[in-house]
Amino acid sequence: MSISFEANFDGLVGPTHHYGGHSFGNVASTSNANKAANPREAAKQGLAKMKALADLGYKQGVFVPQERPAIGLLRELGFGGDDASVLAAVAKASPGLLANVSSASSMWTANAATVSPSADTADGRVHFTAANLQNKFHRAIEHAQTTRSLKAMFNNDAVFAHHDALPMQAVFGDEGAANHTRFCHDYAKAGVEFFVYGRQHWGGAVEPQKFPARQTREAGEAIARLHGLSSDKLVFAQQNPAVIDAGVFHNDVISVGNQRVLFVHETAFLQQAAVYAELDAKLGGGLQVIEVPLVQVSVADAVKSYLFNSQLLARADGRQNLVVPDECRATPAVWDYLQGMLASNGPIAELMVFDLKQSMQNGGGPACLRLRVALQEKELAAVNPHIWMNDALFASLNTWVDQHYRDRLTEADLADPQLIIEVRTALDELTQILHLGSIYPCQLA
Ligand code: SUG
């Protein structure tokens with residue numbers, strides 16, 4: 001019998017991590033705009049989570065950051081001269097543009113791609129579609145590099161299939177795995193792929209009024225076709241527009257699922273009971289829903305604490321660990337709920353709490369920072385072996401961060417021509433540490 005694993009690939013925070021207020025509809029991003037950031041601490045907080053999971057025996061990989069500021073894009077927009085002149089000109093003409101092309105947002109790899117494991121796809125390969133992230137300019141510029149990075153990590157056409165991002169239009173707005181969940185009895189067997197959307201572009205009935213719905217139904221349907229998924233194992237559900245308007249900009253801010261478990265807030269979806277019934281039926285029964293009642297945890301507290309931006313990690317005893325950010329402990333209603341949940345002896349056995357404050361202040365919790373890929377043994381063997389977290393890689397990446405990252409970055413610093421030199425030096429070394437080859441624009445001929 002084939003053994004299968006769920007691996008997590010966490011985004012390593014890039015050296016230009018800052019608080020730009022770039023994401024309208026993401027309450028943390030807009031409310032922390034212009035705060036001074038600490039890229040070194042951000043990267044180390046992420047590495048500590050990766051190491052802790054690897055130490056517990058989970059398959060944990062590292063997903064590289066992108067090169068920022070995106071000088072090539074600034075050149076496409078008409079800024080010329082050498083790199084220092086480009087930076088000086090854009091800083092003068094449009095500091096907002098400079099901040100956007102400097103975002104380290106590729107750290108949130110839940111938004112890198114949608115992934116379908118080989119047990120679900122028609123051709124028996126693991127399929128990846130890079131997310132177009134077209135709703136936000138600073139994120140819409142990620143997908144080409146995301147595809148290059150994914151191809152360097154999963155570099156074997158016999159077992160992996162890579163699709164480019166969907167067309168960059170609102171009708172195909174796609175935010176990747178943040179709105180996609182897979183349920184299964186066993187990672188090695190066909191599972192149910194669950195696509196949650198905020199808006200149906202053609203023929204939809206309701207949508208949020210205040211904040212954007214970043215994911216469309218049409219995008220999920222296109223990905224299901226590209227990946228060769230079977231309709232009897234597919235479920236589509238619309239996110240409740242009211243929660244998007246309350247700051248739930250992705251489904252992974254209001255629900256999380258793994259194997260047979262769905263941990264979800266009472267107000268997450270339209271026609272929630274029908275969604276549960278369809279998931280259970282297509283799974284062949286056995287879905288375990290842990291529904292958090294509104295009277296116990298408000299939507300505002302769910303958004304503030306990121307209770308549902310948690311990671312459910314399978315354990316050997318068939319139960320799950322729940323990885324939550326520190327903010328859950330700091331939110332009394334959420335912490336009370338979690339204590340009660342643990343005492344009930346349900347599907348979640350244990351909590352793991354992490355300090356991810358640097359990322360959290362931009363609306364990125366534990367689940368945002370990871371891309372999940374369920375892999376069979378032969379696929380696991382085909383992953384670039386140098387990206388797996390272990391003692392040696394943890395030590396070398398911490399040293400690398402100490403050498404190359406600043407401990408303070410504000411928007412004003414983004415115009416410093418020294419910063420892009422630091423970034424390129426750092427990334428060049430990183431591709432060597434991780435044996436990724438030339439994947440960045442500055443390294444391409
Ligand atoms: O797309 N924040 C990200 C957070 C992504 C969270 N991902 C998931 N929920 N899966 C976003 O809104 C803020 C950047 C800034 O404002 O500097 C930002 O892009």
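The criterion of at least 2 residues that are among the hydroxyl-bearing types (S, T, Y), within 29 Å of A274 (Cβ to Cβ) and touching a residue at least 12 places away in the same chain (Cβ under 8 Å) is met by the following strands (runs of 3 or more DSSP E) wholly inside the stretch 110-195: 113-116. Looking across the stretch 211-246 at every residue that is part of a loop (DSSP other than H, G, I, E, B) and surrounded by fewer than 22 Cβ atoms within 10 Å (Cβ to Cβ), the one that is farthest from the chain's Cα centre (by Cα) is identified as S230.
Among the residues of the stretch 69-88, are any within 16 Å of the ligand (Cβ to nearest atom) and either out of contact with any strand residue (DSSP E or B) (no Cβ under 9 Å at 6 or more places or on another chain) or modelled with pLDDT of 95 or more (or both)? Yes, the stretch 69-88 contains a residue that is within 16 Å of the ligand (Cβ to nearest atom) and either out of contact with any strand residue (DSSP E or B) (no Cβ under 9 Å at 6 or more places or on another chain) or modelled with pLDDT of 95 or more (or both). Out of A43, A99, A104, A54, one residue alone is small (G, A, S), away from the ligand (no atom under 16 Å from the Cβ), surrounded by 15 or more Cβ atoms within 10 Å (Cβ to Cβ) and within 28 Å of K357 (Cβ to Cβ). It is A54. Cβ-Cβ below 9 Å, separation at least six or inter-chain, first residue in the stretch 82-93 and under 11 Å from P69 (Cα atoms), second basic (K, R): which pairs? The qualifying pairs are V86/R75. Any residue at all in the stretch 45-57 that's under 20 Å from H386 (Cβ atoms), modelled with pLDDT of 95 or more and either among the polar types (S, T, N, Q) or assigned to a loop (DSSP other than H, G, I, E, B) (or both)? Looking through the stretch 45-57, at least one residue is under 20 Å from H386 (Cβ atoms), modelled with pLDDT of 95 or more and either among the polar types (S, T, N, Q) or assigned to a loop (DSSP other than H, G, I, E, B) (or both). Scanning the stretch 246-261 for residues that are of a type outside the set (D, E, K, R) and either within 16 Å of the ligand (Cβ to nearest atom) or closer than 28 Å to Q134 by Cβ (or both) returns A246, G247, V248, F249, H250, N251, V253, I254, S255, V256, G257, N258. Take the conditions within 13 Å of the ligand (Cβ to nearest atom), more than 17 Å from the chain's Cα centre (by Cα) and crowded, with 24+ Cβ neighbours inside 10 Å and apply them to G20. Does it pass? Considered against the rule, which asks whether it is within 13 Å of the ligand (Cβ to nearest atom), more than 17 Å from the chain's Cα centre (by Cα) and crowded, with 24+ Cβ neighbours inside 10 Å, G20 comes out as yes. Checking N8, N32 one by one, the residue that is in contact with a Lys or Arg (Cβ under 6 Å, 6 or more places away or on another chain), within 14 Å of the ligand (Cβ to nearest atom) and at pLDDT 95 or above is N8 and no other. Evaluation of E142 against the conditions (1) of a type outside the set (A, V, I, L, M); (2) away from the ligand (no atom under 16 Å from the Cβ); (3) modelled with pLDDT of 95 or more shows that the sole unmet condition is (2).
The values are calculated or read from the model by the stated rules, or taken from the named source; none is laboratory data. Treat the numbers as computed from the prediction; the structure is a model and nothing was measured. Glycine also receives a Cβ, built like all others from the backbone with ideal geometry; neighbour counts cover every protein chain displayed.
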